[in-house]
Amino acid sequence: MAARSNSVGSFANSMQEFESFRDFFTSATLTTLIDLPFAFLFIAVIWMLAGPVAYIPLAVIPLTILVSLIIQIPLGRTVQNLFRHSGQRSSTLIETLTGLETIKSIGAETPIQRKWEQTVGFMTKFSQRARLLSSTAVNFTSFLQQMATIAVVVFGVYLITENEITMGALIASTILTGRALAPMAQLAGILTRYHQSKAALQSLNTLMNLPVERPSGREFLHRPEFKGGVEFKKVSFRYPNQPVDALSEVSFSIKPGEKVAFIGRIGSGKSTIEKLILGLYEPDEGAILLDGTDIRQVDPVDLRRSVGYAPQDVVLFFGSIRDNITMVAPFADDKMVLKAADVAGVSEFVNRHPSGFDMPVGERGEGLSGGQRQSVAVARALLLDPSVVVLDEPTNAMDNSTEERFKAKLSESLKEKTLLLVTHKASLLSLVDRIIVMDQGHLVADGPREQILAALKKGHIKVSKG
Ligand SMILES: Nc1ncnc2c1ncn2[C@@H]1O[C@H](COP(=O)(O)OP(=O)(O)O)[C@@H](O)[C@H]1O
Ligand SMILES: [Mg+2]
C-alpha cells in the first residue's frame, strides 16, 4: 500500500505500454537490423566489380547513421514528454469517469475539461513533433540514398569512358548500391520505435521493482487460528511523503474478547490504527502483535482472514450483493452468508428486493445507499467469523432504528470476539467496555468506558482544540 501509485490512470497506462514494448520485438522493422551486415557484403562486391565506386555507398552509410543518431536526441526527449502526458491523460480520464457524479454535482466540469484539453493538446504537440523528427530522418536518409545512386552512375560513366570498368559492372554497382543502402532508410524508423520501447520499458521496470507483499524467500508463520489479542508497542507511523506522523508512540494491549472503542477528533489516527492492524502499512517504529506474534511474521492472507475489517470508505464492486459479501471467500455457503447478512442488516433490504441476494450492485457500489453499502461491508467483515472484528464508523450512514437493530445483533454475535470499533457516535459506545481516546496521533486516554466518559465530561482529558 505504501508503494502504490498516486495515479491509477498512469499506472494503467504503463500496463498498456507492455504492448508497445512487445510490438518492438515482434515488428518487421527489427528484422532489417539483420540486413545491416549484408550492406557491407554488397559494398565488397561493388569493390571487386568497379573498384573506387564502392567509396560512394561506404561514405553514405556513416552519414545516414550520423543523421539518425543526431535526430535521436530531440526525439528521445519528445517521446519521454509524450509518454508523461499520455499517462496524465489516462489518469484524468479514469478520475473523471469514476467521479462523474461528484464532478457534475459540484459543477467542476470546466476545470476538468480544461485539464483534459490541455493534456490532449500537449500530446498532439509532442506526437506531431515526434512524427516530424522521425519522418525528417527517414526522408533525409532516402534523399542520401538517391544521391548515392546518382553519384554511382555519374562516377561509373566516367570510369567507363576511361575504360576502367565495363557497362555490366556499372549496372551491377547501381543495383547493389540500392540494396546496400535500403536498410539504412529503415534505421531511423527503428530508432524511433526504440525510443518508445525504452520509455515503455522504463515504466515497466519501475512497476516490476515495486516491493511485493510476499517477497519470495521470506518465510511467513502460518497461523490459521488467532485468539484475538492485539497489542501495539510504541508504534509510530507516517504516511509516505507526509510531513507529520499519523501515529506517534501508540501503545496499548487488548486481550482476546475485549471490546474497545477508539474515539477522537477527525484526523487523530483512528483509521490509521486499524489499517496498521491489517498490515496494509508497516509501522515505521515499534511493533504490532497479534496474540504475541509480530504481524510482520504472519502471512497476510492468514492475517486478513482472522481480522474482519469494514473500512470507513466502503468500496463495493460490480456484481450481486452475494458476490460482494463472499468476495473474500467464494467457497462460503449460504448459511454463512445469511448469518453475516443478518447481523449486518443486509437481509432487511435484500428481502424487500425481488432478486434477493442476487440484487445487482453497480460499479463501486452504485445503486445502493450509503447505509446499505456500509451494511454490505460489515457483512463482508463478519463472513468468515473472524476472531478480531475491526469496524471503522460502521453506522455513520445508517438511520437510528437500523443502527439499534444492528447494535443488538452485533453484540449478540460478537460475544467471544475481540471488537475494535472506531466511532464518534455515543450511541454505539454501549457495545464496548473500554475506550481509547486518540488525539493528533497520540493516545491520550485509555480506560473503562464509564471512567473515560466521566473524565471527558469533566474535561479531565486534554485534547487539542482545533
Ligand atoms: N492515505 C493517506 N495518505 C496520507 N495521509 C493520510 C492518509 N490517510 C490518512 N492520512 C493522514 O493521517 C492522519 C490520520 O488519519 P486517520 O487515521 O484517517 O484519522 P481518523 O482518526 O479521522 O480516522 C490525518 O492527518 C490524515 O491526513
Ligand atoms: Mg477515520
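Annotations
- Selection count where residues are open to solvent by less than 20 Å² (accessible area, probe 1.4 Å), within 9 Å of ligand 2 (Cβ to nearest atom) and at negative phi, scope segment 266-276: 4
- Once segment 418-427 is narrowed to residues that are at pLDDT below 90 and more than 14 Å from ligand 2 (Cβ to nearest atom), the residue that is most open to solvent (accessible area, probe 1.4 Å) is Ala426.
- Filtering segment 257-276 to residues that are out of contact with any helix residue (DSSP H, G or I) (no Cβ under 7 Å at 6 or more places or on another chain) and away from ligand 1 (no atom under 12 Å from the Cβ) leaves Gly257, Glu258, Val260.
- Pairs with Cβ under 7 Å, 6+ apart, first in segment 407-423 and among the hydrophobic types (A, V, I, L, M, F, W, C), second assigned to a loop (DSSP other than H, G, I, E, B): Leu419/Val432; Leu421/Val432; Val422/Glu393
- Test: residue in segment 205-216 that is away from ligand 2 (no atom under 16 Å from the Cβ), in contact with a Phe, Trp or Tyr (Cβ under 6 Å, 6 or more places away or on another chain) and open to solvent by 30 Å² or more (accessible area, probe 1.4 Å): no
- Lone unmet requirement of (1) loosely packed, with under 14 Cβ neighbours inside 10 Å; (2) touching a strand residue (DSSP E or B) at 6+ places or on another chain (Cβ under 8 Å); (3) modelled with pLDDT of 85 or more for Glu450: (2)
- Test result for Gly178, part of a helix (DSSP H, G or I) and surrounded by 18 or more Cβ atoms within 10 Å (Cβ to Cβ): no
- The lone exception for Ser401 - which of (1) open to solvent by 10 Å² or more (accessible area, probe 1.4 Å); (2) in contact (Cβ under 8 Å) with a residue 24 or more places away in the chain it fails: (2)
- Entry remark, segment 355-403: residues being under 29 Å from Leu97 (Cβ atoms), in a strand (DSSP E or B) and within 16 Å of ligand 2 (Cβ to nearest atom) number 1 in total.
- Selection of segment 277-288 for residues being crowded, with 16+ Cβ neighbours inside 10 Å and either within 17 Å of Pro211 (Cβ to Cβ) or in contact with a helix residue (DSSP H, G or I) (Cβ under 7 Å, 6 or more places away or on another chain) (or both) yields Leu278, Gly279, Leu280, Tyr281, Pro283, Ile288.
- Tallying residues that are within 16 Å of ligand 1 (Cβ to nearest atom) and open to solvent by less than 20 Å² (accessible area, probe 1.4 Å) within segment 289-311 yields 1.
- In segment 37-74, the qualifying residues are those that are in contact with a Leu (Cβ under 6 Å, 6 or more places away or on another chain) and hydroxyl-bearing (Ser, Thr, Tyr), and the one that is nearest to Tyr158 (Cα to Cα) is Thr64.
- Residues of segment 351-372 classified as open to solvent by 70 Å² or more (accessible area, probe 1.4 Å) and either more than 28 Å from the chain's Cα centre (by Cα) or within 13 Å of Arg322 (Cα to Cα) (or both), total: 5
- Of all residues in segment 312-344, exactly one satisfies the criterion of being exposed (fewer than 15 other Cβ atoms within 10 Å of the Cβ), of a type in the set (Asp, Glu) and within 25 Å of the chain's Cα centre (by Cα), namely Asp313.
- Count of segment 247-264 residues which are open to solvent by 20 Å² or more (accessible area, probe 1.4 Å) and over 20 Å from Leu419 (Cα atoms): 2
- Complete set of residues in segment 235-256 that are more than 13 Å from ligand 1 (Cβ to nearest atom) and either under 31 Å from the mean Cα position of the chain (by Cα) or over 25 Å from Ile461 (Cβ atoms) (or both): Glu249, Pro256
- Applying the criterion of being within 16 Å of ligand 2 (Cβ to nearest atom) and assigned to a strand (DSSP E or B) to the residues of segment 304-334, the residue that is farthest from Gly356 (Cα to Cα) is Tyr309.
- Pairs with Cβ under 6 Å, 6+ apart, first in segment 446-460 and over 13 Å from Leu429 (Cα atoms), second not charged (D, E, K, R): Asp446/Phe252; Asp446/Ile436; Ala455/Ile461
- Single residue of Lys255, Lys234 found to be under 23 Å from Pro394 (Cα atoms) and not aliphatic (A, V, I, L, M): Lys255
The values are calculated or read from the model by the stated rules, or taken from the named source; none is laboratory data. Computed from a predicted structure; not experimentally measured. Cβ coordinates were reconstructed from backbone atoms using ideal geometry, including for glycine residues, and neighbour counts include every protein chain displayed. Each accessible area value is taken on the protein alone, full model and side chains, heavy atoms only, with ligands, DNA and RNA left out. Shrake-Rupley method; radii C 1.70, N 1.55, O 1.52, S 1.80 Å.
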